[in-house]
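S.K.: This is the structure I have questions about; it appears just below.
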Amino acid sequence: MRGPADMMNRKNALLILAFSLLMPALLQAAPSPETELLYQQHCASCHGQDRLGGMGPALLPDNLSRLKKPQAEDAIRNGRPATQMPAFADVLAGESITALADFIYRPPARPPIWGRSEIVGSHLLPHPQGTLPDEPAYQADMMNLFLVVEIGDHHVTLLDGDRMEPIHRFPSRYALHGGPKYSPDGRYVYFGSRDGWITKYDLFNLKVVAEVRAGINMRNIAISADGDYVMAANYLPHTLVLFDAGNLELMDIIPVENSAGESSRVSAVYAAPPRNSFIAALKDIPEAWEISVQDGNANVRRMQTDTWLDDFFFDPGYDHLIGAARDGKHGVVINLDTGKTVADLPLPGMPHLGSGITWEYQGTRVMATPHFRTGAVSIIDMDNWQVIKTLETEGPGFFMRSHVNSRYAWVDVFFGPNKDKVHIIDKQTLEIVKTLQPEPGKVAAHVEFDRYGEKLLLSIWDKEGAVVVYDADTLEEEKRIPMNKPSGKYNVWNKINYEEGTSH
Ligand code: DHE
């Protein structure tokens, strides 16, 4: 039998345990007033009093998840070249710089809010739609333009796809991510930034039409098939946000919750043109949503899924969603009419289904996806959802690309010692026929073809990088255009026609 002393010891032990568990959280929640003051004095004017961002990016733990703390410290100490971030080494003591770096990785005392009034308050209209000329201000095939996102110094380059020459270079919001989306006629493009900004840009006049901040930490945006609406998918807050595509006026905020009131981040949202709807997958609730917009109101149809979905992709008819399970161990196929899971795909190496492509192979349509964790490309028969081939590559890959007129599919080796290599796969033999190493030691990644499938662009993903132009048939290099860490490239024709070899 236990005596009172035993009971007391047990109680004390529990108290100590509770205290030691709570202590880190208490420490987290209480930065020193001096550090807060330093932040307000030196950082708030660009990054916002509440760290939500301003001229500079948001400085909240989720927004900083891709930057290691020592890198943040380095940015405070030495500034960031080619940006407005100054160096503080001569202004602040070393301990203050470390304390500031610690501070920005702590959750704020109050959860940040980004609702209707914040969204409406962020709206900017430098050149409202209808106020700029309706003719292009320069000569080019407007259907064969490329946009290249340069993440090294947050710029975008517009390239003439016939001549493969830059036409214009302009600054973007901080950290664009995901494919920019074109209006159906190709005149406008919508960019999404990780900090939640949506920018509508007029390719005829080379001017920003409108901007709005949809969230604090955004995943991506989609444009409806008719070009009337823009939908933004957020990690923070847990919302999908609908805008009028004309001038990015707010139409609807959809809280992302299940029937029990539990909320979720949105993995991504895409337009499904034949269905005249948007499809979103949720990261923390096992549901996929089909969202239709009628008279400006968004209606959600929920599909229960067997697992939480991360990245996803569609068959060409948008009858099925092919999603990667959040655990990275398999994929699922969901019939979008019935909402039922119709197949489970054995894709153990965390497939990057968002970069999947499809083509005709021996009378059937196949899809292919690289994997984030294994050096493999999986090729799947889309009639019976069987993996028909697992091609071994020299390391995990990020992006895959082809074009209906090209015999080859390109896949990079983004991670590991062979990150400077790119494989070229013959779509009819399903074999790697060539491996290129355009610049030893520098990541070579992400390909986009021109509208005809005759030439393609590959990024040398480096601050002193380039896009390399290749002949899509001979696979010979034609030229290099220097760029600052070029990431994705996006051809107008391929995108607005939902070309089978490119991302949507
Ligand atoms: Fe991306 C597209 C998610 C990390 C560069 N990335 C996408 C899309 C999603 C996604 C959902 C599709 C959006 C669209 O086009 O509408 N990306 C994720 C992640 O979950 C992941 C792994 C972790 C994260 O930090 O979010 C991730 N992505 C990266 C990077 O580290 C990359 C290489 C550099 C960067 O800019 O952050 C990167 N992602 C890209 C690019 C696209 C993209 C270039 C567009 C590809 C395309 O061809 O359409």
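S.K.: Quick check on LEU250: is it at pLDDT 95 or above and either crowded, with 20+ Cβ neighbours inside 10 Å or under 21 Å from ASP344 (Cβ atoms) (or both)?
M.R.: no
S.K.: Return yes when TYR229 is at pLDDT 95 or above, open to solvent by 30 Å² or more (accessible area, probe 1.4 Å), under 20 Å from the mean Cα position of the chain (by Cα) and within 14 Å of the ligand (Cβ to nearest atom) and no when it is not.
M.R.: no
S.K.: Shifting gears a bit: Sort out for me the strands (runs of 3 or more DSSP E) sitting completely within segment 246-310 that have 3 or more residues that are within 16 Å of the ligand (Cβ to nearest atom) and on the phi < 0 side of the Ramachandran plot.
M.R.: Per the criteria, 266-272, 277-282, 287-294.
S.K.: May I pose another question? Tell me, which residue of segment 413-431 that is open to solvent by less than 50 Å² (accessible area, probe 1.4 Å) and more than 17 Å from GLY501 (Cβ to Cβ) is nearest to the ligand (Cβ to nearest atom)?
M.R.: The extreme case among them is PHE414.
S.K.: Restricting attention to segment 471-482, which residues are among the hydroxyl-bearing types (Ser, Thr, Tyr) and either within 11 Å of the ligand (Cβ to nearest atom) or open to solvent by less than 10 Å² (accessible area, probe 1.4 Å) (or both)?
M.R.: Selection gives nothing.
S.K.: Please give the number of the condition ASP62 fails out of (1) assigned to a helix (DSSP H, G or I); (2) in contact with a strand residue (DSSP E or B) (Cβ under 7 Å, 6 or more places away or on another chain).
M.R.: It fails just one condition, (1).
S.K.: Among residues belonging to segment 447-460 that are closer than 20 Å to HIS154 by Cα and surrounded by 24 or more Cβ atoms within 10 Å (Cβ to Cβ), point out the one that is nearest to the ligand (Cβ to nearest atom).
M.R.: Among those that are closer than 20 Å to HIS154 by Cα and surrounded by 24 or more Cβ atoms within 10 Å (Cβ to Cβ), it is GLU448.
S.K.: Is there a residue being more than 12 Å from the ligand (Cβ to nearest atom), assigned to a strand (DSSP E or B), of a type outside the set (Asp, Glu) and modelled with pLDDT of 95 or more anywhere in segment 483-495?
M.R.: yes
S.K.: Further, regarding this structure: Would you check which residues across segment 77-105 are of a type in the set (Ser, Thr, Tyr) and open to solvent by 40 Å² or more (accessible area, probe 1.4 Å) and list them?
M.R.: THR83, THR98, TYR105
S.K.: Residue by residue through segment 111-125, note down the ones that are of a type in the set (Ser, Thr, Tyr) and open to solvent by less than 80 Å² (accessible area, probe 1.4 Å).
M.R.: SER122
S.K.: Which pairs do you get when a residue that is more than 18 Å from ALA271 (Cβ to Cβ), found in segment 292-308, comes within reach of a residue that is modelled with pLDDT under 90 and part of a loop (DSSP other than H, G, I, E, B), reach meaning Cβ atoms under 7 angstrom, with the pair 6+ apart or on two chains?
M.R.: Listed by first residue and then by second, the contacts come to THR307/ARG326; TRP308/ARG326.
S.K.: Do you know which residues across segment 350-370 are more than 14 Å from the ligand (Cβ to nearest atom) and either on the phi > 0 side of the Ramachandran plot or crowded, with 17+ Cβ neighbours inside 10 Å (or both)?
M.R.: THR358, TRP359, TYR361, GLN362, GLY363, VAL366, MET367, ALA368
Conditions (1) over 21 Å from GLY296 (Cα atoms); (2) of a type in the set (A, V, I, L, M, F, W, C); (3) open to solvent by 30 Å² or more (accessible area, probe 1.4 Å), marked per residue:
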{"residue": "PRO184", "(1), (2), (3)": "no, no, yes"}
{"residue": "ARG187", "(1), (2), (3)": "yes, no, no"}
{"residue": "ALA210", "(1), (2), (3)": "no, yes, no"}
{"residue": "ARG213", "(1), (2), (3)": "no, no, no"}
{"residue": "SER224", "(1), (2), (3)": "no, no, no"}
{"residue": "TYR235", "(1), (2), (3)": "yes, no, yes"}
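S.K.: Could you please find all residues in segment 393-438 being closer than 21 Å to ARG365 by Cα and among the charged types (D, E, K, R)?
M.R.: Scanning segment 393-438 gives ARG401, ARG407, ASP426, LYS427, GLU431.
S.K.: Can you name the residue in segment 196-208 that is open to solvent by less than 10 Å² (accessible area, probe 1.4 Å) and among the aliphatic types (A, V, I, L, M) and, of all such residues, is farthest from the ligand (Cβ to nearest atom)?
M.R.: Here the answer is LEU203.
S.K.: If you don't mind, another one. Out of (1) more than 15 Å from the ligand (Cβ to nearest atom); (2) in contact with a helix residue (DSSP H, G or I) (Cβ under 8 Å, 6 or more places away or on another chain); (3) open to solvent by 20 Å² or more (accessible area, probe 1.4 Å), the odd one out for ASP383 is which?
M.R.: The single condition ASP383 does not satisfy is (2).
S.K.: Among the residues of segment 201-226, write down those that are over 17 Å from the mean Cα position of the chain (by Cα) and either under 13 Å from GLY178 (Cβ atoms) or of a type in the set (D, E, K, R) (or both).
M.R.: ASP202, LYS207, GLU211, ASP226
S.K.: Is it the case that segment 393-407 has a residue that's within 17 Å of LYS489 (Cα to Cα) and either among the aromatic types (Phe, Trp, Tyr) or surrounded by fewer than 22 Cβ atoms within 10 Å (Cβ to Cβ) (or both)?
M.R.: yes
S.K.: If you don't mind, another one. Filter segment 27-45 for residues that are open to solvent by 40 Å² or more (accessible area, probe 1.4 Å), in a helix (DSSP H, G or I) and of a type outside the set (S, T, N, Q) and give the result.
M.R.: If the condition is that a residue be open to solvent by 40 Å² or more (accessible area, probe 1.4 Å), in a helix (DSSP H, G or I) and of a type outside the set (S, T, N, Q), then LEU27, ALA29, PRO33, GLU34, GLU36, LEU37, HIS42 are the ones that fit.
S.K.: Name the single residue that is nearest to the ligand (Cβ to nearest atom) among those in segment 146-195 being touching a Gly at 6+ places or on another chain (Cβ under 6 Å) and among the hydrophobic types (A, V, I, L, M, F, W, C).
M.R.: Checking each candidate, the answer is VAL149.
The values are calculated or read from the model by the stated rules, or taken from the named source; none is laboratory data. All values derive from a computational prediction rather than experimental measurement. All Cβ positions, even for glycine, are placed from backbone atoms using ideal geometry, and neighbour counts span all protein chains on display. Heavy atoms of the whole protein, side chains included, go into the accessibility calculation; ligands, DNA and RNA do not. Shrake-Rupley method; radii C 1.70, N 1.55, O 1.52, S 1.80 Å.
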